[in-house]
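Read through the structure below, which is laid out as structure tokens, and then see the notes.
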Amino acid sequence: MNGSDGVNLVWLIGCLVLVVSALSVRRMSLNMLVRATLGWAAIILVVLFAVAHRYELAAAWSSLSNRLGLEEQQAEGSTVRIRMSADGHYWARVKLNGVERNMLVDSGATVTAVSQDTAKSAGIQPADGLPAIIATANGNVAAQRGRIADLTLGPLKMHDVGVVMSASFGDTDVLGMNFLSRLHSWRVEGNVLVLEPVRPTAGTETSQRN
């Protein structure tokens, strides 16, 4: 083997080493990419499942919390007490025409508001007439007006409650001041929201339209 052949052999071996090294690095990167892709796919599937079955999951969690004594909403006679959630808000378990939803209790909202999905499930029909203009965090939005025939929050029962509905509300349902104002009183004690019903007296109407 002459010197020229030796140099060519060295170059050939060097090239082979570089190719093998490149393939090894690429193979490792591909494995990592596959694992990362599968991981994100699993996360996306879990999120999609949770969104699609959010109401069933909420009901299951409520049932489990009740069994473990962790229930955030409790009734003491005709008074309802709701503990503050981890997000700093008060969420009430409410039935709208018999359909159960978790609703945000918001004293800053003038009127009770529900998503279109909730309105459809509860059979809340939009009323005729001009839409209501509602101020939201994203600006003013137009919403359809309607009436909730029966609203139940534990032992608290109301009839013919005004409501607005719009796709712009997303999935959040809100109990507003037109609900709170029909109570005898509502207040916050520590981190617990206390809702007390009107005490009926002889000759006094126990409910009013809002």
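The values are calculated or read from the model by the stated rules, or taken from the named source; none is laboratory data. This is a predicted model, so every value here is computed, not measured. We place every Cβ from the backbone using ideal geometry, glycine too, and count neighbours over all the protein chains shown.
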Conditions first: (1) surrounded by fewer than 16 Cβ atoms within 10 Å (Cβ to Cβ); (2) assigned to a helix (DSSP H, G or I). Residue 118 passes all but one, so which condition is the exception?
(1)
Residue check, residue 148 loosely packed, with under 13 Cβ neighbours inside 10 Å, farther than 17 Å from residue 171 by Cα and in contact with a strand residue (DSSP E or B) (Cβ under 6 Å, 6 or more places away or on another chain)
no
From 111, 188, 198, 164, residue being more than 20 Å from the chain's Cα centre (by Cα), buried (at least 16 other Cβ atoms within 10 Å of the Cβ) and of a type outside the set (Phe, Trp, Tyr)
198
Pick from segment 72-88 the residues that are assigned to a loop (DSSP other than H, G, I, E, B) and in contact (Cβ under 8 Å) with a residue 12 or more places away in the chain: which of them is surrounded by the most Cβ atoms within 10 Å (Cβ to Cβ)?
72
Qualifying strands (runs of 3 or more DSSP E) (wholly inside segment 127-206; at least 3 residues being more than 14 Å from residue 82 (Cβ to Cβ))
132-136, 139-153, 156-165
Scanning segment 139-190 for residues that are closer than 15 Å to residue 109 by Cα and among the acidic types (Asp, Glu) gives 173
Test: residue in segment 89-97 that is among the polar types (S, T, N, Q), touching a residue at least 60 places away in the same chain (Cβ under 8 Å) and assigned to a loop (DSSP other than H, G, I, E, B)
no
Which numbered condition trips up residue 93, out of (1) under 20 Å from residue 73 (Cβ atoms); (2) surrounded by fewer than 19 Cβ atoms within 10 Å (Cβ to Cβ); (3) among the charged types (D, E, K, R)?
(2)
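Rundown of residues vs (1) touching a Ser or Thr at 6+ places or on another chain (Cβ under 7 Å); (2) among the charged types (D, E, K, R); (3) in the same structural domain as residue 187 (by TED's automatic domain parsing), yes/no style:
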{"site": "93", "(1), (2), (3)": "yes, yes, yes"}
{"site": "97", "(1), (2), (3)": "no, no, yes"}
{"site": "150", "(1), (2), (3)": "no, yes, yes"}
{"site": "161", "(1), (2), (3)": "yes, no, yes"}
{"site": "166", "(1), (2), (3)": "no, no, yes"}
Can you find a residue in segment 127-143 that is surrounded by 15 or more Cβ atoms within 10 Å (Cβ to Cβ), more than 30 Å from residue 192 (Cβ to Cβ), free of Cβ contacts under 8 Å to residues at least 40 places away in the same chain and in contact with a helix residue (DSSP H, G or I) (Cβ under 9 Å, 6 or more places away or on another chain)?
yes
Kindly indicate the residue of segment 167-177 that is buried (at least 18 other Cβ atoms within 10 Å of the Cβ) and not acidic (Asp, Glu) and also farthest from the chain's Cα centre (by Cα) among those meeting that condition.
176
